[in-house]
Amino acid sequence: MSELTTVARPYAKAAFDFAVEANAIDNWLSMLVFAAEVSENETMTNYLSGGVSSDQSADLFLKVCEDQLDSNGQNFIKVMAENERLLVLPQVLAQFLALKAEYEKEITVDVTSAVELVADQVTTLSAALEKRLARKVKLNCIVDANVVSGLVIKAGDMVIDGSVRGKLSRLATTMQS
């Protein structure tokens, strides 16, 4: 998986830089979403894996995408086809989304609680996290009764475990050592 990410990174960076320069990030995002879906199609995956020439794969891919890609998007697909990289389009999309979030100073935070949070709690938590992370925060609220009480907050590599289950686990670990 990390190999595909490494392969996808320069394509995503090039597409994102071009999109920023052309002030067309959302347009490029929609093109990449569509192209990634096409590349994940089982029939298309089998075709692209079948040893066809880069010209043939680019032609078929562009015919399937038709009006979904503008001329720059078509050129992007042609370059990826020449380098036999059309199958990594889903990873290119993932990298593009990460670059977009970084550019827009935005982060998605997973918040797990035992019960559903009310609107006031979501607003307060969102404001506190925006202040701490210095970014615009999108909350992804998850209900999991195993948490017992409290919250588990995950933002990128940062994890804040304020759950009763986490505290009990840490207490058990301390008592065993």
Which of LYS100/LYS131; LYS78/LYS105; LYS13/LYS154 exceed 29 Å between C-alpha atoms? The answer is LYS78/LYS105
Computed over the chain: longest principal axis from alpha-carbon atoms vs helix 119-133 long axis, angle to nearest 10 degrees, is 70 degrees
Excluding residues fewer than 8 positions from LYS63 in its own chain, the aspartates and glutamates with Cα under 20 Å of it are GLU37, GLU40, GLU42, ASP55, GLU82, GLU84
Per-residue ellipticity at 222 nm attributable to helices in the chain (runs of n ≥ 4 DSSP H, -39500 (n - 2.57) apiece, nearest 500 deg cm²/dmol) works out to -20000 deg cm²/dmol
GluC sites (Glu not before Pro) in the range 92-177 lying in a DSSP loop, each with at most 16 other Cβ atoms within 10 Å of its Cβ, come to GLU104, GLU116
Restricting to Cα pairs under 8 Å and 6 or more apart, the percent relative contact order of the chain works out to 21 percent
Between the modelled labels at GLU37 and MET175 (7 Å from Cα along Cα→Cβ) the distance in nm is 5.3 nm
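Compute the convex hull volume of the Cα atoms of the range 105-176, divide it by the residue count, and report the result per residue in Å³ as a whole number. Kindly include the intermediate steps, with their values, before the conclusion.
Working: hull volume 6.2 nm³, N = 72.
In the range 105-176, the Cα convex hull volume per residue is 86 Å³.
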The ³J(HN,Hα) series, computed from each phi in the range 13-26 with the Karplus coefficients 6.51, -1.76 and 1.60 at θ = phi - 60°, rounded to the nearest Hz and given as x for glycine or proline, is 5, 5, 5, 5, 4, 5, 5, 5, 4, 8, 6, 9, 4, 5
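Quote the convex hull volume per residue of the range 22-99, based on C-alpha atoms, as a whole number of Å³.
It comes to 81 Å³ per residue, whole-number rounded.
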Longest principal axis of the chain (C-alpha) makes with the long axis of helix 71-82 (C-alpha) an angle, in degrees to the nearest 10, of 90 degrees
The range 65-158 -> Rg/Rh from Cα coords, Kirkwood Rh, value 1.17
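What is the magnitude of the charge dipole of the range 2-102 about its Cα centre, with +1 placed on the Cβ of each Lys and Arg, -1 on the Cβ of each Asp and Glu, and no other charges, expressed in debye to the nearest 20? Show your work: numbers first, answer last.
Values: 6 positive and 15 negative charges, 43 e Å.
For the range 2-102, the charge dipole is close to 200 debye.
Starting from 0.36 nm per residue, how many nanometres of slack lie between ASP144 and VAL164 once their C-alpha separation is accounted for?
Values: separation 20, 0.36 × 20 = 7.20 nm, distance 1.24 nm.
Going from the current span to full extension adds 6.0 nm.
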Between the Cα axis of helix 54-65 and the main Cα principal axis of the chain, the angle (0 to 90°, nearest 10) is 60 degrees
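Give, rounded to the nearest 20 debye, the magnitude of the charge dipole that the chain has about its Cα centre when Lys and Arg contribute +1 at Cβ and Asp and Glu contribute -1 at Cβ.
Numbers: 16 positive and 24 negative charges, 205 e Å.
Dipole magnitude for the chain comes out near 980 debye.
Just so you know, all these numbers are worked out from the coordinates, no wet-lab data involved. All values reported here derive from a predicted model rather than from experimental measurement. Because the Cβ atoms are built from the backbone with ideal geometry, glycine has one as well, and the counts that use them run over all protein chains shown.
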